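Coordinate-derived values only; no laboratory data. Everything numeric here is computed off the predicted structure, so don't read it as measured data. No Cβ is skipped: glycine too gets one built from the backbone with ideal geometry, and neighbour counts run over all protein chains shown.
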Ligand SMILES: Nc1ncnc2c1ncn2[C@@H]1O[C@H](COP(=O)(O)OP(=O)(O)O)[C@@H](O)[C@H]1O
Ligand SMILES: [Mg+2]
């Protein structure tokens, strides 16, 4: 299925609540849409899903997910393997479009605009929603070119040298690589490579940063560096992180969503409440290690 093929059953232009947001994701409006955040001005969630179902062929991977993800916070998604955490993340920037068998129904909105509407350009969407994966995956290019990559392919204007430097600084990597920007990203250590991928993801100045188990391939020191970095990034970005490490979720997130087998979102709330006093017995059993 091509990136331009809508995968929702909703009629085009169907359910978007706020007409002023209606064209924020349309390609021509990207500059306006990314020019400023409305932090503090509204309690509206940045990401909202309602009755979101995802199927791979006949198999249902997500079952009627309703969630409101707040701005400039770290939201952790936890749950046992196969419960749909990555699938949910990939709905937010429509990476699931690339999976032929995948079908998405329901609402998944970014600032009030359903990203599955017909007029949404997935490339423009992904400029606003950056992503970091489990395995650090720098390109076989220089450190500089890795960070500048998104600027080049998305024709982002401005002083690229400056943006590269700022992105590496925000990713807490500049001090380690400033003297070797021309050397290959592949020569860095695993932890440095992951911070390079974070720098690459934030260079186009997205609003949302999706991270799918970003520290699970790293050693403990590199993990702790990346965890510190994620907390800092939430000052500027809305971060959604999948982790199978519950201590990590408890350490770095403000909100926690617990998905359980069957693709259900069983509980979503403040991280302290979820870990100290979950409402659902199944969540308590999962968190205390009785299963999963
Ligand atoms: N590309 C795919 N094709 C078919 N089934 C998939 C695909 N990706 C994931 N699934 C299935 O969807 C369910 C959720 O997977 P996933 O979102 O990767 O879970 P998690 O990230 O929580 O481990 C699993 O049953 C998995 O087998
Ligand atoms: Mg996963």
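Tallying residues that are within 15 Å of ligand 2 (Cβ to nearest atom), closer than 19 Å to residue 101 by Cβ and surrounded by fewer than 24 Cβ atoms within 10 Å (Cβ to Cβ) within the range 62-83 yields 1.
Counting only residues that are free of Cβ contacts under 8 Å to residues at least 60 places away in the same chain and either assigned to a strand (DSSP E or B) or over 19 Å from residue 261 (Cβ atoms) (or both), the range 69-98 holds 1 of them.
Taking the range 141-246 and the helices (runs of 4 or more DSSP H) fully enclosed by it, no element has 2 or more residues that are touching a strand residue (DSSP E or B) at 6+ places or on another chain (Cβ under 7 Å), within 16 Å of ligand 2 (Cβ to nearest atom) and touching a residue at least 60 places away in the same chain (Cβ under 8 Å). Restricting the range 80-99 to residues that are closer than 24 Å to residue 287 by Cα and more than 6 Å from ligand 1 (Cβ to nearest atom) leaves a set whose member that is nearest to the chain's Cα centre (by Cα) is 89.
Against the definition (in contact (Cβ under 8 Å) with a residue 60 or more places away in the chain, in a strand (DSSP E or B) and either surrounded by 21 or more Cβ atoms within 10 Å (Cβ to Cβ) or touching a strand residue (DSSP E or B) at 6+ places or on another chain (Cβ under 6 Å) (or both)), how does residue 127 come out, yes or no? When the stated conditions are applied, residue 127 does not pass them. Apart from one condition, residue 58 fits all of (1) within 14 Å of ligand 1 (Cβ to nearest atom); (2) touching a residue at least 12 places away in the same chain (Cβ under 8 Å); (3) surrounded by fewer than 20 Cβ atoms within 10 Å (Cβ to Cβ); the exception is (2). Could you tell me whether any residue of the range 273-285 is crowded, with 16+ Cβ neighbours inside 10 Å and outside any helix (DSSP H, G or I)? For the range 273-285, residues crowded, with 16+ Cβ neighbours inside 10 Å and outside any helix (DSSP H, G or I): present.
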